[in-house]
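The values are calculated or read from the model by the stated rules, or taken from the named source; none is laboratory data. Computed from a predicted structure; not experimentally measured. Cβ atoms come from the backbone with ideal geometry, glycine included; neighbour counts cover every protein chain shown. Please note that ligands, DNA and RNA were not included when accessible areas were found on the heavy atoms of the full protein model with its side chains. Shrake-Rupley method; radii C 1.70, N 1.55, O 1.52, S 1.80 Å.
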Amino acid sequence: LEAGGTETVRTIVKFANGGRQIVSAELKTAGLASENQLELPVEVREPLNVVLVCGDEQRDGRFVRLALSPFAGKDAANLGKVTLVKADDAGVSLAGADVLILANVIQPAEGMVSRIEHFVYGGGGLIIAPGSVSMAAEYTRLLYRNGVGVMPAALRAARGNGEAATTLLGLTLEHQVFRFLKGMASPVPLVSVSQYFPADLREGDSRVLGSYATGDPFLIEGSFGSGRVLLVTTSLNAEWSDLPWTNFYLPFVQSCVRYVSKGGSGGTLKVAGSGESDLTPLGEESWERLRRSLGMEEVADASGAGVLLSALGVFESELWLPLLGVVVGLMILEGLLGRAWSETGEL
């Protein structure tokens, strides 16, 4: 590397345990060895516990579940453990959960609303994704509650039935949710959305992060107490769109879950732990179909073991971002020192 030059190096670092860790970056160059190493303290988060409440396991839960835990027995590829709960289960427990996802639920049970609000207010993450069986008026009544509830927008009746399909037009690429699209030549995916719920934002804390070609919101961000909330205005299954069949879907779902989870801001990093996914392992033929549909390919890591990567890049860890800052800082320092040496002959 020449003085003043830059080079980006991406890597995956695996940690045996969560908690505070020190990451060290070092450049192998001649001279000034003490200036060629920097250390970065990071907080490594344990695997996430996600509670997925859905109307029907096959119709509403399978795509989200596969995106978060693609296969069992390979912890490094799973974002965390997903607990699947039927929408009519009145005894849903949120104890120990990091994120709650409501996927195409008809309507939240009235007895569940206060528990959801308490969970999010205390720092839990919530993703709301209504669909074909969802009752917009009941979502608005129970979760929006005239602007004082946990949902960041009021839903109107579903739009698109019998009309021409729309697509995604604008995404807030600088937002943390869409950071995985950074640097892509065509970051907005080509998807077809046949139906969705128009939404009226709550004033103050709500923000549109993505829109359809019609101008209506696709993804809305809000907050409630210490927790974060994301409202997806179309279903996360394949009834209303072909999102689950694109290579945008897996990183998008994972990124949404990371963002709303406890400690989702700042330099917190995800690390796989020792717990196993409760997903039933797929057969080779089924796994090959999943691999193709989610845009994944298999490469070998340093040990020769197979590692699955999304076609959009590596999403297991975002450690390369702070390491990139460390490396660039070292390169700038080296360039300045080299310039001073060439001009004066001394440091």
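Criterion first (more than 16 Å from Tyr249 (Cα to Cα), among the hydroxyl-bearing types (Ser, Thr, Tyr) and assigned to a loop (DSSP other than H, G, I, E, B)) does Ser186 satisfy it?
No.
Take the residues in segment 88-98 that are open to solvent by 40 Å² or more (accessible area, probe 1.4 Å) and aliphatic (A, V, I, L, M); name whichever of them is modelled with the lowest pLDDT.
This residue is Ala90.
Could you list, in sequence order, all residues of segment 241-259 that are under 24 Å from Arg156 (Cβ atoms) and surrounded by fewer than 24 Cβ atoms within 10 Å (Cβ to Cβ)?
Across segment 241-259, the qualifying residues are Asp242, Leu243.
Would you call Asn104 touching a Ser or Thr at 6+ places or on another chain (Cβ under 8 Å), more than 18 Å from Arg258 (Cβ to Cβ), crowded, with 22+ Cβ neighbours inside 10 Å and touching a residue at least 40 places away in the same chain (Cβ under 8 Å)?
Criteria met by Asn104.
Go through segment 15-42 and report how many residues are closer than 30 Å to Asn78 by Cβ, surrounded by 13 or more Cβ atoms within 10 Å (Cβ to Cβ) and at pLDDT 75 or above.
The total comes to 6.
Condition first: in a loop (DSSP other than H, G, I, E, B), surrounded by fewer than 19 Cβ atoms within 10 Å (Cβ to Cβ) and touching a residue at least 24 places away in the same chain (Cβ under 8 Å). Now tell me which residues in segment 108-128 satisfy that.
Gly122, Gly123 - these are the residues of segment 108-128 that are in a loop (DSSP other than H, G, I, E, B), surrounded by fewer than 19 Cβ atoms within 10 Å (Cβ to Cβ) and touching a residue at least 24 places away in the same chain (Cβ under 8 Å).
Residues in segment 132-176 that are small (Gly, Ala, Ser) and farther than 21 Å from Val120 by Cβ: how many?
Counting residues in segment 132-176 that are small (Gly, Ala, Ser) and farther than 21 Å from Val120 by Cβ gives 9.
Only one of (1) in a strand (DSSP E or B); (2) under 20 Å from the mean Cα position of the chain (by Cα) fails for Val85. Which number is that?
So the condition that Val85 fails would be (2).
Hey, among Leu48, Leu66, which residue is at pLDDT 80 or above, open to solvent by less than 20 Å² (accessible area, probe 1.4 Å), within 24 Å of Phe248 (Cβ to Cβ) and not aromatic (Phe, Trp, Tyr)?
From the options Leu48, Leu66, the qualifying one is Leu48.
Could you check, for segment 204-214, whether at least one of its residues is in contact with a Gly (Cβ under 6 Å, 6 or more places away or on another chain), buried (at least 18 other Cβ atoms within 10 Å of the Cβ) and small (Gly, Ala, Ser)? Break it down into steps so the answer makes sense when it comes.
Going residue by residue through segment 204-214, those that are in contact with a Gly (Cβ under 6 Å, 6 or more places away or on another chain) are 205-206, 211.
If we keep only those that are buried (at least 18 other Cβ atoms within 10 Å of the Cβ) as well, we get 206, 211.
Remaining after also requiring small (Gly, Ala, Ser): 206, 211.
The answer is yes, given that some residue of segment 204-214 is in contact with a Gly (Cβ under 6 Å, 6 or more places away or on another chain), buried (at least 18 other Cβ atoms within 10 Å of the Cβ) and small (Gly, Ala, Ser).
Restricted to segment 133-166, and to residues that are of a type in the set (S, T, N, Q) and surrounded by fewer than 17 Cβ atoms within 10 Å (Cβ to Cβ), which residue is modelled with the lowest pLDDT?
Among those that are of a type in the set (S, T, N, Q) and surrounded by fewer than 17 Cβ atoms within 10 Å (Cβ to Cβ), it is Asn161.
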